[in-house]
Amino acid sequence: MPDHATRSARYNRTAVTLHWLIAALLLGQFLFGWYLGDVPRNTPERGIFINLHKSTGILIGLLILLRIVWRLTHTPPALPDTTPRWQQRAARISHGVLYACMLLMPLSGYLASNFSKHGVKLFNMVRLAPWGSDDKVIYAFFNQTHKLTALVLAAFVVLHILAVVKHQLIDRDKLISRMWPRASR
Ligand code: HEM
Ligand code: HEM
């Protein structure tokens, strides 16, 4: 790990762009996923909406992969030395959970689709034939993982936002400016 003093005090433009782009896309994908529950089963509309959700989900998944690779090859700015140890640890763990959920969301959806005869029809145009067997048990496992991960992700995003609000209102340390878009100098 580089010395704190040599690290920049804020996230750079690539990290900020990926953070906010993915946060916005995930919010949309979340709402889309929950909306799917209202689309009547065994109708052509359901197939169209599900395939659209799968297609946007795969694209978001690729963007998330890019972010994770970028993150593994770049060191984030250190928190100030005045940040209590437990808060530094809590931030590290919760960010880790957020990354794990971000990865698991599209991965579990993609895996589930490949253990169902439906597979994925990219943007309702290009059919990607499933590479797995049509197996209800395996499908249910990945489908349940998809649903459970959605809940864990939602809970940690709420916690994440509460932490930012706490920094803003109680600590008043402008933590948000570390991740806020700004013209580079
Ligand atoms: C990028 C991230 C993704 C997010 C945030 C997301 C989110 C969601 C949410 C919140 C639901 C509703 C869960 C529920 O009813 O409790 C859902 C359902 C679903 N998702 Fe995703 N999804 C993502 C990617 C994908 C991908 C890549 C696929 C497949 C290739 C997929 C396939 C499905 C299917 C088939 C359902 C309906 C499940 C059912 O009703 O049984 N999702 N998704
Ligand atoms: C789907 C929604 C979101 C996800 C998945 C997410 C995920 C993450 C992750 C993984 C990090 C750690 C970055 C790293 O060190 O690699 C991070 C940092 C950060 N996020 Fe989010 N975020 C989301 C929404 C938000 C929102 C709505 C806010 C503002 C209220 C926010 C504010 C921040 C800030 C200020 C940091 C930097 C924390 C620090 O300086 O250590 N995020 N976010």
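No value in this document is a laboratory result; all are computed from the given coordinates. Model, not experiment: these values are computed from the prediction. For neighbour counting, all protein chains shown are included, and Cβ atoms are generated from backbone atoms with ideal geometry for every residue, glycine included.
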The range 47-137: equivalent-ellipsoid semi-axes (sqrt of 5 x gyration tensor eigenvalues, Cα, Å): 36, 14, 10
Centroid-to-centroid separation of the range 132-168 and the range 47-99 [C-alpha atoms, Å]: 13 Å
Lysines whose Cα lies under 24 Å from that of residue 166, excluding same-chain neighbours fewer than 8 positions away: 174
Rg to Rh, two decimals, where the chain supplies the alpha carbon set and Rh follows Kirkwood: 1.04
Two-site FRET efficiency, residue 52 against residue 176, from Cβ-Cβ distance with R₀ of 45 Å, rounded to 0.05: 0.85
Sequence of 170, 60, 93 once ranked by neighbouring C-beta atoms within 10 Å, starting from the fewest: 170, 93, 60
Cα long-axis angle, helix 13-36 against the chain (0 to 90 degrees, to the nearest 10): 40 degrees
Relative contact order of the range 66-185, pairs being alpha-carbon contacts under 8 Å that are 6 or more residues apart, as %: 21 percent
Using a Förster distance of 25 Å, the FRET efficiency for residue 125-residue 41 (Cβ separation, nearest 0.05): 0.65
Chain lengthening between residue 162 and residue 135 when straightened (0.36 nm per residue, less Cα-Cα): 5.7 nm
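Please state, to two decimals, what the Cα-based radius of gyration of the range 85-168 comes to when divided by 2.2 N^0.38 Å (N = residues). Write out the running numbers ahead of the final one.
Values: Rg = 17.0 Å, N = 84, 2.2 N^0.38 = 11.8 Å.
So the Cα radius of gyration is 1.43 times the expected 2.2 N^0.38 Å.
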The chain - mean residue ellipticity at 222 nm from DSSP helices (-39,500 (n - 2.57) per run, n ≥ 4, rounded to 500): -22000 deg cm²/dmol
Acute angle (nearest 10 degrees) that the helix 85-114 long axis makes with the longest principal axis of the chain, alpha-carbon atoms: 20 degrees
